Amino acid sequence: MVSCYYDSEEALYPELNTTCDTTNVTFSGTIAPMLSSNCYSCHSNSTAAGKGNNIRLQDYSDVTSRAVSLAGSVKHFGNFSPMPKNGGQIKSCSIAQFDIWVRNGMVNN
Ligand code: HEC
């Protein structure tokens with residue numbers, strides 16, 4: 001089997017080889033805590049109006065309805081506004097876990 005650089009999971013998500021848990025990914029245990037530490041200073045229900053352009057990422061339904069732009073923003077893709085705003089990119093492990101959660105159907109677990 002041959003895999004080119006850009007298709008290899010290790011190249012896209014360097015932390016997968018070390019400490020990244022990609023099997024037990026849940027909304028309450030993985031996604032919400034990640035958003036809480038990186039995003040709720042601007043996108044919680046209480047901060048969004050003042051700092052987050054009214055974009056809320058706290059409730060499950062708010063996260064699912066913004067899943068595409070959320071992924072684009074944390075990956076710094078294309079025309080999406082890079083997030084966290086004015087901060088460094090979140091860990092590649094967290095990006096991988098978000099992708100896995102989306103691929104598994106965005107379960108509210
Ligand atoms: C310092 C405040 C701040 C932080 C922290 C922050 N954001 Fe934002 N976010 C904003 C603002 C303000 C906007 C409105 C667009 C802009 O100003 O770039 C925005 C826009 C967005 C958008 C819409 C982008 C688009 O192009 O449609 C998404 C999705 C988003 N943020 C997700 C996140 C995520 C996920 C995190 C954490 C990893 C995060 N943000 C952290 C302030 C913040």
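The values are calculated or read from the model by the stated rules, or taken from the named source; none is laboratory data. Model, not experiment: these values are computed from the prediction. We place every Cβ from the backbone using ideal geometry, glycine too, and count neighbours over all the protein chains shown. Keep in mind that these areas ignore ligands, DNA and RNA; they rest on the heavy atoms of the full protein, side chains included. Shrake-Rupley method; radii C 1.70, N 1.55, O 1.52, S 1.80 Å.
This table checks each residue for (1) basic (Lys, Arg); (2) under 17 Å from Val25 (Cα atoms); (3) open to solvent by 50 Å² or more (accessible area, probe 1.4 Å).
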residue: Ala49; (1), (2), (3): no, no, yes
residue: Leu57; (1), (2), (3): no, no, no
residue: Gly72; (1), (2), (3): no, no, no
residue: Val107; (1), (2), (3): no, yes, yes
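Taking the listed residues Ser41, Ser65, the one that is open to solvent by 30 Å² or more (accessible area, probe 1.4 Å) and more than 15 Å from the chain's Cα centre (by Cα) is Ser41, with no other qualifying. Summed over region 88-106, the residues that are more than 6 Å from the ligand (Cβ to nearest atom) and in a loop (DSSP other than H, G, I, E, B) give a count of 6. Take region 40-72 and flag every residue that is closer than 19 Å to Asn108 by Cα and assigned to a loop (DSSP other than H, G, I, E, B). Scanning region 40-72 gives Ser44, Asn45, Arg56, Leu57, Gln58, Asp59, Arg66. In summary, Pro84 fulfils each of the numbered conditions (1) open to solvent by 40 Å² or more (accessible area, probe 1.4 Å); (2) under 17 Å from Phe98 (Cβ atoms); (3) modelled with pLDDT of 95 or more; (4) in a loop (DSSP other than H, G, I, E, B) with the single exception of condition (1).
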